[in-house]
Every structure is written in structure tokens, then in C-alpha cells.
Amino acid sequence: MSLLVIRELSVDFPLPEGTVYALSGVSLELGEEERLALIGETGSGKSVLAGAILRLLPAQARVRGEIWYRGTNLLALSPEEMRRFRGSEIALVMQNPASALNPVLTGGYQVREAVLRRGRLAKRLAQGKVAELLARVGLPERAASSYPHQLSGGMQQRLLLSLGLALAPRLLIADEPTKGLDWSLRSQIVQLLQDITAGQRAFILITHDLAAARYLAERVAVLYAGQVVEYGLAEDLFSLPRHPYTRGLFASHPARGLKPIPGMAPVLTSLSRGCRFQPRCGQARPVCAREDPPFVEISEGYFVRCHRCFR
Amino acid sequence: MFTYLLRRICLLVFVLWGVSVLTFTLMYLLPGERARLVAIYRWGYDDLSAKELATLRREIGEDLPFPQQYAWWLGRVARGDLGYSFVTGRPVAAEILARVPATLELAVAAFFFAALTAVPLGIACARRPGSWWDNLLMTGSLIGVAMPNFWLGLLLILIFSLTLDLLPVAGSGGLAHLVLPAFTLGAGMAAVSTRLVRASLLEVLAQDYITMARTKGLGEGEVLWRHALRNALIPVFTVLGLQLNHLVGGTVIVENVFGRAGVGQLMVEAIASRDLPLLQGVVLFLAFCFAGVNLLVDISYTFLDPRIRYGGAKGNE
């Protein structure tokens, strides 16, 4: 049985300047201990998806569809019931550790607070648990008594990860954990993510970092303009990407020639009929501008949203 | 932390010295001979002979050149001697100290009234921006900010003392005498602070670390009390500190409206009777209060914000 099933999830934000359609009809599945990478450019809806799973989107967000977590539809829960799932079942490690950590509380306090969510512990026990968590993410003991501004960027990221692990969640979501880190730190964090997820828990990695995605995830979903355009096993997707956007994304990677995709991602307030990538697609046909491409399973467990790929 | 304190205290001494130069210069530049003023209060007349005038001038130090006069005066001030009042002949320091309790009582009562209404009301507004109570309180606070306190004081006397006969009109005394002046003095501060608590809390509640606290599964109460409020109160503290200075200034007006025998009233009396040593002493004392309050506010920051307490020291990976 799947741990997480997302069905036809749509999120839009009615704003004074017009409604932003951040996610449209996203369907994904995640098995127990399966690791999924969500890749796509900025504004494709990756972080909105994470926010929707934890129900932490701004109040004005309109969310439709279903998010089933171990047989419970998270979208149907009361706020209080939802709160119980956060941290203990599903944990989110937000992006930008510098702003995601509270500047006036020590690292140890912020970890301990998460630990104590499951009920009161003797002070000694809680302290031991905090030390254990810090060691797990490779932080020195003094990080417990340090304030966030006294820690380096890499240490802040580790601290944030230890918060996510505090209650040993079944599902960990990390939003761009390698963003803004230099090369050697980045590999350290990727290794750490491998250590804390492999064979232990389900993991959703939101990233621009294709190498990290390939290393850490068994399955990959490519998001474009609020839609999943390609979804399948990582080895298949990386060796033979089918969707023109995915191909363009890979070709734009510095290691593969730094070829940019022509044009701009669409503005999500005014979406026209047809394939959302069609205006930028070198292989577009007349049908692409006329009809929305369906999300089709082209081989077992491999989905693509493109007219070209199955006709 | 210690060096921070030391630096602040050195700065405080420097500021007070500047104030002393300023007040002494201003008093020196006032027209009229001080010796004649003294003579009027001492003997009732000022048509002194040249010899009497010279003696009196020497006695009060008016014959010395300005720098020496200043040095002479500063030396006495440093020993805690602010001179003698022209009017009563009593030491200025004793005159001021006798009035401090009434002023302190008023300022403290007004401050606590302001802080204890502003924080809960500001929180209530920030939790439901746009609700009916938010709109009501924001309109009310706008009126509160705009209302001059001498006018509010008179209005309150008219309603609560003269019409309803609930509270005494004026004078110092028990708690009943404190209610109206404290409310008058604190109202403006409460209004400004309510708006500030609201704005500051709204800004903090939109920060990433608040969302992060929610991802840990904390309840709204915990998020508010542990994560949001401490951050939100840092700018509130700054402004409350600045407001406290207004408060010291406000006591001058409110004490006169309500006829409270405090330092503010003493100052007005000193001006009216051209009692220069007393006026000088009061101004210096008020300046000392201003600077002291600012120091206390800055120290209290360090308890709220570790980024100040520990400077900008960054750890290394």
C-alpha cells in the first residue's frame, strides 16, 4: 500500500491582480520508504506542493483534490487533527535555513521543542535526545547553546534537518536543502540526506540540483507551470527523458552544454488552452495549441504529459 | 556583554556632560542680572549700592568669567550640590527629591497602564486583522494618538470629577488621585503602542520561522507565545523606550493640569518665578532621567535579542 497518494491536486491563489493557478491536477504516489525528487524551475509549484501536503499554505489558498496519507485524506482533517500529523508523521525542512530558524531561540531549544511534542520527558532524557539528534546530523554539541546567527550556513541547514528528524517522521520533505551551499558543503549535505533517509523513511526532495536528485531518489517527477509533465523511475527518466521540457532542462545543465530553453515560463494568472510548454517547444504540432495533453502511462509506472510522446 | 555595558555607561556620562554645558550656557545667556534677582527674594528690593551688588555678585559667582563660572558650578554638581533656590533658599537637590515620588508614581502608573493595555490589545488585533474589534481598536487608537493630553485631562475632569463626581479633581494623595492623571498621561502611549504591537506581530507572523514552528506541529498558542511574541516585542521595546521620554515630558503638562506636586510642576514654578538654580537643577535632573531610561531600554534589549547580546560572532563549520 502507498504511503502517500495525491489525486488531482489543484491549488490556486485568488489575488487582487488575478488568480494564480499554482498547481493544476497533480497526481503522484509515494510508497513506504520510497524517495521522490520533484524537479522543475522556480515558480513551477514545487514548494506549493509541499505546503499543500502539510496544509501550511496561506489562508487565501484554494486547495482541491485529495491527499491520502496512510488511508487518511489530509485535506478533510480539522486543523487540530492536521496539527498532530505535522512533525510526527510528515516533517518539512523548509528552504532558506537562515530565515526558517527563530533568531531569538537557541538551536537546542528549537530542537527540544520538537522533541517534546510527543509528550513531556524528563529534562535529562530530553537533553539526551537533543544531543543525539545533533550528533546524527553532524553538529557539534555547542550548537545546542548557539543562536542561529552564530552558526554557518551549512550548520544552519544541519540544524534544520535535525528539527525535521526530531519525531522520526515516516515522511520527510526537504525543500531545496542544497541551495546556496558551496560545492563541498553541498556534497556533505547530500551525503547526510542519504544517511537519514535511505531505507528508513519516505522522502520528497524538492530541488534544482539534478545530480542530487539522481543520487537520492528512486523516482522523479518533473513539474512545469503547476503540472507534472513527466513522472517515473529515476534511472529511466535520467537515461531517456521523454518530455521536451525535461530534455530542455537536462540540456540546460552546465555539465551538459548549458543550452537554455528558449522563451519564458508562462505567467500562471492567464493560462491558455493547450499544452503549457507548447509556446517554448521546438517540436510542437498544431494539436499542442488546441488540446490539453493528457497524462498518459506510456509504460508501466511511467507517465508523460505530451501529445508527441504517444501518437 | 560587560564591555557593551561599560561602553554604554561611558556614553551616558558624556551625554550628561553635554547637557550640563547646554543648560548652563542657556541660563548664562538669559537676560538680567542674577544678583538683583537674589536681592529681590532676599530683601524685597533690588536697588542695591554698587558695593552691595559687587558683594552679592561675588557670593553667587556672577563676577567670574564664563568658563570659570561653569567649572565652579560643575565641580559643585559633581559633588551633588545643585545650589540653592532663590525663592525658598533651600538646596535645589532637596527641592527636587521632595517632588520625585509624585512624578515617579505618575510615570510608572502611566507606563504600566500603557504597556498592559497595548500588548494584549495589539495581540488581539494581529490575530484577526480586519475583524470588528481590530477596526474598532485601530480607529480608537488613532483618536488616542491625536488627542493632546492637556485636553484629554480637562475632559476627564469634566466627566469623572465634576459631572459624575467619582474621582477627585486635582491634588496628590491616594490611588484615587492617581487614576485620572495616569490615564491621561498613558493614553497616547497606549494608543501608539497598540498599533505598534499589532504591526510588529503581523510582520513576524509572516516570517519563515513561524511556518517552520508550525511544521513541527506546534499549536497556535505555542507559536504565538514562544516564537512570535519575543521577536515582535523587540521593536515595541525600542518605541516604548522612546515613548518613556515623552512620558517624562508629559508629566510636566499633566502635573499642572491636575495640580500634582511633582517635578514637572516644580519646573513650571521655577520658570514662573525665574528661580534659575532650581530650573537648572530640574532640567539637569530630567536630562538624567531621559538618558537613564534610554540606557535601561538598551540593556533590556540584550535579554530579548541574542544578536545584540553576542554581537555578530559567526561560528565556523
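The values are calculated or read from the model by the stated rules, or taken from the named source; none is laboratory data. On a predicted model such as this, the values are computed, not experimentally measured, just so you know. Glycine gets a Cβ as well: all are built from the backbone with ideal geometry, and neighbour counts include every protein chain shown. In case anyone asks, the SASA skips ligands and DNA or RNA and just uses the protein heavy atoms, side chains included. Shrake-Rupley method; radii C 1.70, N 1.55, O 1.52, S 1.80 Å.
Just the number, please: Stokes-Einstein D of segment A:219-311 in µm²/s, Kirkwood Rh from C-alpha pairs, 4 °C, 1.567 mPa s.
Working: Rh = 13.7 Å.
Rounded, D is 95 µm²/s.
Comparing B:Pro91, B:Pro65, B:Pro129, which has the greatest mean-square fluctuation in the GNM of chain B with Cα pairs linked when under 10 Å apart?
So, out of B:Pro91, B:Pro65, B:Pro129, the one fluctuating most is B:Pro65.
Amide H of A:Leu3 versus every other amide H placed in the peptide plane: which residues, excluding those fewer than 5 positions away on the same chain, fall under 5 Å?
The list, which skips near neighbours in sequence, is A:Leu30, A:Gly31, A:Glu32.
For the protein assembly as shown, what does the accessible surface come to per residue with a 1.4 Å probe? Please give it in Å². Kindly include the intermediate steps, with their values, before the conclusion.
Details: 29680 Å² over 628 residues.
Normalised by residue count, the accessible surface of the protein assembly as shown is 47 Å².
With +1 on the Cβ of every Lys and Arg and -1 on the Cβ of every Asp and Glu, and nothing else charged, how large is the dipole of segment B:1-137 about its Cα centre, in debye rounded to the nearest 20? Walk me through the numbers before you get to the answer.
Working: 14 positive and 11 negative charges, 98 e Å.
The calculation lands at about 480 debye.
Of B:Gly80, A:Met155, B:Leu154, which is farthest along the charge dipole of the protein assembly as shown in the positive direction, counting Lys and Arg as +1 and Asp and Glu as -1 at C-beta?
Selected residue: A:Met155.
With every protein chain left in place and a probe of 1.4 Å, what is the accessible surface of B:Phe150, to the nearest 10 Å²?
About 110 Å², rounded to the nearest 10.
Given a 1.4 Å probe and the protein chains all in place, what does the accessible area of A:Ile196 round to, in Å² to the nearest 10?
Accessible area, nearest 10 Å²: 0 Å².
Springs between alpha-carbon atoms under 10 Å, Gaussian network over chain B: tell me which of B:Val13, B:Val192, B:Val87 tops the mean-square fluctuations.
Highest fluctuation of the listed residues: B:Val13.
Could you please put A:Glu32, A:Glu230 in sequence from largest to smallest accessible area, using a 1.4 Å probe? Present the calculation step by step, with values, prior to reporting the outcome.
On the way: A:Glu32 95, A:Glu230 0 Å².
These residues rank, largest area first, as A:Glu32, A:Glu230.
What number comes out for the charge environment of A:Ile206, summing +1 per Lys or Arg and -1 per Asp or Glu over other residues with Cβ under 9 Å away?
Numbers: positive: A:Lys46; negative: A:Asp175, A:Glu176.
Every neighbour counted, the sum reads -1.
How high is the relative contact order of chain B, in percent, counting Cα pairs under 8 Å that sit 6 or more residues apart?
Details: 334 pairs, mean separation 76.3, N = 317.
Reported as a whole number, the value is 24 percent.
Which of B:Leu156, B:Leu22, B:Leu247 moves the most in a Gaussian network model of chain B with Cα springs under 10 Å?
Evaluated over chain B, the most mobile residue of the options is B:Leu22.
Determine the share of segment B:87-145's accessible area contributed by carbon and sulfur atoms, expressed in whole percent, with a 1.4 angstrom probe.
Details: 2380 of 3140 Å².
For segment B:87-145, the apolar C and S fraction of the accessible surface comes to 76 percent.
Would you mind counting up the charge near B:Asp63? Only other residues with Cβ under 15 Å from its Cβ, with Lys and Arg at +1 and Asp and Glu at -1.
Details: positive: B:Arg34, B:Arg36, B:Lys51, B:Arg57, B:Arg58; negative: B:Glu33, B:Glu52, B:Glu59, B:Glu62.
Summing Lys/Arg as +1 and Asp/Glu as -1 gives +1.
Looking at the protein assembly as shown, what % of its DSSP beta bridges pair antiparallel, to the nearest 5? Don't skip to the end; give the middle numbers.
Working: 31 of 50 bridges.
Rounded to the nearest five, the antiparallel share is 60 percent.
Rounded to the nearest 100 Å², what's the accessible area chains A and B bury against each other, both chains counted, probe 1.4 Å? Please list the in-between numbers first.
Values: alone 14890 and 17480 Å², together 29680 Å².
When A and B are taken together, about 2700 Å² of accessible area is lost.
What is the average number of partner chain Cβ atoms found within 10 Å of a Cβ in B:202-212? It would help to have the intermediate numbers written out before the result.
Numbers: counts 0, 0, 1, 0, 1, 4, 9, 13, 2, 9, 15.
Partner-chain Cβ atoms within 10 Å, mean over residues of B:202-212: 5.
Computed FRET efficiency, Cβ-Cβ of A:Arg142 and A:Ala198, R0 30 Å: what is it to the nearest 0.05?
Working: r = 29 Å, r/R0 = 0.95.
Once rounded, the FRET efficiency stands at 0.55.
Order B:Ile9, A:Ile298, A:Ile173, most accessible first, counting only protein heavy atoms with a 1.4 angstrom probe. Kindly include the intermediate steps, with their values, before the conclusion.
Working: B:Ile9 80, A:Ile298 55, A:Ile173 0 Å².
Descending order: B:Ile9, A:Ile298, A:Ile173.
Within segment B:69-103, name every residue whose backbone N is under 12 Å away from a label modeled 7 Å from Cα of B:Leu30 along the Cβ vector.
Residues B:85-87 qualify, since their backbone N sits under 12 Å from the label point.
Can you return the lysines within cross-link range of B:Lys216? Criterion is Cα-Cα under 17 Å, with same-chain partners fewer than 8 residues away left out.
Qualifying lysines at Cα under 17 Å: A:Lys129.
In square angstrom, rounded to the nearest 10, how much accessible surface does A:Thr42 have for a 1.4 Å probe?
The accessible area comes out at roughly 120 Å².
Let me know the charge dipole size of chain A about its Cα centre in debye, to the nearest 20, where only the beta-carbon of Lys, Arg (+1) and Asp, Glu (-1) is charged. Let's see the in-between values first.
Details: 38 positive and 28 negative charges, 71 e Å.
Result for chain A is approximately 340 debye, rounded to the nearest 20.
Run the numbers on segment A:92-130: which residues show a drop of 30 Å² or more in accessible area, chain on its own versus all protein chains together, using a 1.4 Å probe over heavy atoms?
In segment A:92-130, residues shielded by partner chains: A:Leu92, A:Met94, A:Ser99, A:Ala100, A:Asn102, A:Pro103, A:Val104, A:Leu105, A:Glu113, A:Arg117.
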